[in-house]
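The values are calculated or read from the model by the stated rules, or taken from the named source; none is laboratory data. In this text, all values refer to a predicted model and were calculated from it rather than measured experimentally. Because the Cβ atoms are built from the backbone with ideal geometry, glycine has one as well, and the counts that use them run over all protein chains shown. Side chains included, ligands, DNA and RNA excluded: accessible areas come from the protein's heavy atoms. Shrake-Rupley method; radii C 1.70, N 1.55, O 1.52, S 1.80 Å.
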Amino acid sequence: MTDDQEVEGLGTRLREHRLAGRLTLEAAAARVGLSPAYLSRLESGHRQPSLPVLLGLARAYGTSVSGLLGEQTGTADPVTRGGAIEPGRAGGWGYRRAGAPGRAMQALRVQVPPSVQDAVVRVHPGEEWLYVTKGRMRLTLGESVHLLDVGDSAHFDSLTPHCIAADSPDGIELIFVHTLLQSPAGELCLGDAPRI
């Protein structure tokens, strides 16, 4: 997959989940802190979401990131084989499932390009665990900024406002494990936070 290709079928699945929840573009976008125009571009495949946006959409639609990415959920095989992380379209984040789908804990291998930064600081119920496998990551937790190098990890309550960014010229790769606790507070995010 090249930089101008999308995760196959992602836009269609995003639209199907939104319509299944009987949400307008405006209502769904408001739940995740996006503009309706941006959500429309995601659904049409003209843009690829960052990991925080993908997590927010999964929570808003009551599904998992694996479900939005089109991973098969019927398998009982506990082993997930490795492979290349495919880059997203328009310089977006790349993802590859690293754990079994349909579980309370979701695991992903994530690739974040150096120039892609997410200005939205996320807050949601659950926990996150990050492990840097390549590059240097800038992790903002509340008022604190942490630089994590290869082999470093972070484990935190997702109700702590947080933002992930690459702090190295070649971007970063990490293992990302999170819980998908569903609650009304899961829609909370600080969309007007300053850019990091």
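Structure data summary
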{"item": "Residues of the range 49-106 that turn out to be modelled with pLDDT under 65, crowded, with 17+ Cβ neighbours inside 10 Å and over 13 Å from the mean Cα position of the chain (by Cα), as a count", "result": "3"}
{"item": "Tally, over the range 10-48, of residues that are of a type in the set (A, V, I, L, M) and buried (at least 20 other Cβ atoms within 10 Å of the Cβ)", "result": "8"}
{"item": "Among (1) under 21 Å from Gly126 (Cα atoms); (2) without any contact (Cβ under 8 Å) to a residue 60 or more places away in the chain; (3) of a type outside the set (S, T, N, Q); (4) open to solvent by less than 50 Å² (accessible area, probe 1.4 Å) - the single one Glu143 does not satisfy", "result": "(4)"}
